[in-house]
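The values are calculated or read from the model by the stated rules, or taken from the named source; none is laboratory data. Fair warning: this is a prediction, and the values are worked out from it, not measured in the lab. As a convention, Cβ positions derive from the backbone with ideal geometry for all residues, glycine included, and neighbour counts pool all protein chains shown.
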Amino acid sequence: MKNIYLNIFSFNKKTLTKSVISLKKGNVIGLPTETVYGLAGSAYSKKAINKIFNLKKRPKLNPLIVHYINLKTVKKDVFLNESFYKLYKKFCPGPITFVLKKRKKSKIQSSATAKLNSVAVRFPNHKIIKLILKKIDFPLAMPSANLSSKISPVSARNVADDFKNDLRMIIDGGKSRIGIESTVIDLTGKPKVLRPGIISPKVISKVLSTNVNIIKKKLGLKSPGMLKRHYSPGIPMKLNQVSYNKNFATITFGKRYKSYKNFFNLSKTSNLKEAASNLYSTLRKIKKLNYKKIYVVRIPNKGIGIAINDRLKRASY
Ligand code: TXA
Ligand code: MG
């Protein structure tokens, strides 16, 4: 497909340098990660943080995730604890975000963390973002690069579709391998999952040798990102459907579903990992095709299925 956007750049030495210069100036750019694309800016720059919130039209009370290259750099901003080290050793760099207590001396802008005394930190695992983080001496605040409450982006094109030319530069790093956002785990007290992801509570519980649950209730500022309506395609969606209508798009899962024109299979082999990676692109595709309603069949609610159902529920809210 021809690239109709002039702000999408392929990655090379020149665009690496351009990205670094731009970030140092306090500008905001679109970057790929292994989970979803992010809207990146210096976590130490007030100007950059403001731009991120404005571009996304994000409520100011919803804090951003701050991205680091290694332990040495993260130690300057937060207090690390035993649970953190165990999970870090097992999963990082990778699709998991840790909420930790913020150091008083940290240079992270208080607007980035919605004035909380905690910070969500992540170590992304994507060649491009790692090369950029190595060249700068500040961490990157980086929410998913979509308009607030809309579907998260899994390609440079998705990012451009939301922000058009309001964003000067988007680096194309191909389709996001994982396709849904990182698991967010709160480690400021007894570990609890604030947002499910590809790394499930069961696996986390095993690593920590303690039962870790997902908090379901909206606990004021503690889990502000758990806004009920999120990832929304802007079309009515009905979950756990067993009947079909040829006028509605139907999201299916598994080989027993036929390939009708209005059927969109997340994984013909019933693979939840594959389904997660196809979820957002499928929602965007259906929206582009102008369907007025989406039906979704039941998706098994175990392992990665928990994260898929979490996103579907919010998308349908
Ligand atoms: O995979 C990801 O995590 C992607 C990529 C770009 O890294 N980023 C992402 O960021 O999904 P965002 O801003 O769309 O989601 C951040 C989530 C929100 O639910 C937010 O409320 C939560 O993390 N969060 C951030 N800081 C927090 C804090 N201090 N306490 C509790 N939750 C926090
Ligand atoms: Mg988001």
Study note, to complete from the structure: The residue from Leu239, Leu266, Leu272 that alone is touching a Phe, Trp or Tyr at 6+ places or on another chain (Cβ under 9 Å), closer than 20 Å to Asn146 by Cβ and at pLDDT 95 or above is Leu266
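Quick check on this structure: which one of Lys56, Lys46, Lys18 is basic (Lys, Arg), touching a residue at least 60 places away in the same chain (Cβ under 8 Å) and within 16 Å of ligand 2 (Cβ to nearest atom)?
Details: Lys46 fails: within 16 Å of ligand 2 (Cβ to nearest atom); Lys18 fails: within 16 Å of ligand 2 (Cβ to nearest atom).
Step by step, each of Lys56, Lys46, Lys18 is checked, and only Lys56 is basic (Lys, Arg), touching a residue at least 60 places away in the same chain (Cβ under 8 Å) and within 16 Å of ligand 2 (Cβ to nearest atom).
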Point to revise | Inter-residue pairs, beta-carbon under 7 Å, first closer than 24 Å to Ser267 by Cβ and more than 16 Å from ligand 2 (Cβ to nearest atom) and in the stretch 170-191, second among the acidic types (Asp, Glu) and at pLDDT 95 or above, 6+ apart | key: Arg177/Glu34
**Study point:** Subset of the stretch 114-125 [surrounded by fewer than 21 Cβ atoms within 10 Å (Cβ to Cβ) and more than 16 Å from ligand 2 (Cβ to nearest atom)]
**Key:** Lys115, Leu116, Asn117, Ser118, Asn125
Practice item. Could you give me the residue pairs with C-beta distances under 6 Å whose first residue belongs to the stretch 106-132 and is in contact (Cβ under 8 Å) with a residue 24 or more places away in the chain and within 15 Å of Leu61 (Cβ to Cβ), whose second residue is part of a helix (DSSP H, G or I) and of a type outside the set (A, V, I, L, M) wherever it lies, and which are 6+ apart or on separate chains? Key: Gln109/Lys46
Point to revise | Any pair with Cβ under 7 angstrom, 6 or more apart, that starts in the stretch 203-226 at a residue that is of a type in the set (S, T, N, Q) and ends at one that is in a helix (DSSP H, G or I) and modelled with pLDDT of 55 or more | key: Asn211/Ser205; Asn213/Pro201
Exercise for review: Go through (1) more than 27 Å from Val203 (Cα to Cα); (2) touching a residue at least 24 places away in the same chain (Cβ under 8 Å) and name the single condition Lys313 misses.
Suggested key: (1)
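Specify the residue that is farthest from Ile308 (Cα to Cα); the eligible residues are those in the stretch 116-160 that are among the basic types (Lys, Arg) and at pLDDT 95 or above.
We begin by selecting, within the stretch 116-160, every residue among the basic types (Lys, Arg); these are 122, 127, 130, 134-135, 150, 157.
Next, only the ones that are at pLDDT 95 or above stay: 122, 127, 130, 134-135, 157.
Numbers: Arg122: 21, Lys127: 26, Lys130: 27, Lys134: 32, Lys135: 35, Arg157: 23 Å.
Selected residue: Lys135.
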Exercise for review: Starting from the stretch 21-35, keep only residues that are closer than 13 Å to Ile49 by Cα, then list their pairs with residues that are of a type in the set (Lys, Arg) whose Cβ atoms are within a distance under 6 Å, requiring at least 6 positions of separation or different chains.
Suggested key: Gly26/Lys47; Val28/Lys51
Check your understanding: Just checking, how many residues over the stretch 126-143 are assigned to a loop (DSSP other than H, G, I, E, B) and touching a Phe, Trp or Tyr at 6+ places or on another chain (Cβ under 8 Å)?
Key -> 2
